[in-house]
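The values are calculated or read from the model by the stated rules, or taken from the named source; none is laboratory data. This one's a predicted model, so the numbers in the text were calculated from it and none came from an experiment. Glycine gets a Cβ as well: all are built from the backbone with ideal geometry, and neighbour counts include every protein chain shown. These area figures cover heavy atoms from the full protein model, side chains too; ligands, DNA and RNA do not enter into them. Shrake-Rupley method; radii C 1.70, N 1.55, O 1.52, S 1.80 Å.
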Amino acid sequence: MGMWSIGAGALGAAALALFLANTDMFLSKPKRAALEYLEDIDLKTLEEEPRTFKAKELWEKNGAVIMAVRRPGCFLCREEAMDLSSLKPKLDDLGVPLYAVVKEKVGTEVKDFQPYFKGDIFLDEKKKFYGPQRRKMMFIGFVRLGVWYNFFRAWNGGFSGNLEGEGFILGGVFVVGPGKQGILLEHREKEFGDKVNPLSVLEAARKIKSQTPASEKK
């Protein structure tokens, strides 16, 4: 009888832990970024002789859509990159560029990511786009049903990846207007594979008030 009680208790505790792991109770809450915070971020180009510049250059004239990539080799990130890239023709019509930032440059990871992402990619060494309150999802992610749903969705979509690089710091997507128009959309990844809704990105991009005359846009 005693062993049955211990077993039942352990099973109940495991069930409770699994339940709690699938709530948002233990997830770190994101802190929204101020425009001034984003403007001051230092980014680097990925050329052999990199140029360092302030992030506000990305959206100063025409606004921008920016993906903060959790890990270029992650098949979930590649899926989201492909979703955003599907918007490229419509973003081009609006004159709004599409960019991505990565937190590290490991081997050929960025190069291997580029077939999925149809925009320029820059390096955010200080991981500022992943802040101001940097959030991580550790191994609790692997017992969350939502994460497994995202895994199967990406697998069924034909996406694959690898385990190279840091992948616990969560990413996001921003739509930023030109000048001081501000942040029009800020999506923070809640769990692995929590991708932004492309329609929300497009809706936010349509609110951008460009400060560049149409004749000067590429």
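The figures follow:
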{"item": "Entries in K44/K128; K54/K128; K88/K180; K128/K190 that, when Cα-Cα distance is taken, lie over 21 Å", "result": "K88/K180"}
{"item": "Extent along principal axes [Cα atoms of region 67-218; Å; largest to smallest]", "result": "50, 32, 31"}
{"item": "Apportionment of accessible area to carbon and sulfur, region 116-186, percent (1.4 Å)", "result": "59"}
{"item": "Counted charge near L170, where neighbours are those whose Cβ lies closer than 10 Å (Asp, Glu -1; Lys, Arg +1)", "result": "+3"}
{"item": "Most to least packed among 107-118, 41-52 [average Cβ atoms within 10 Å]", "result": "107-118, 41-52"}
{"item": "Carbon/sulfur fraction of accessible area - region 28-84, other protein chains in place, 1.4 Å, %", "result": "47"}
{"item": "With DNA, RNA and ligands ignored, accessible area of S85 (1.4 Å probe; Å², nearest 10)", "result": "10"}
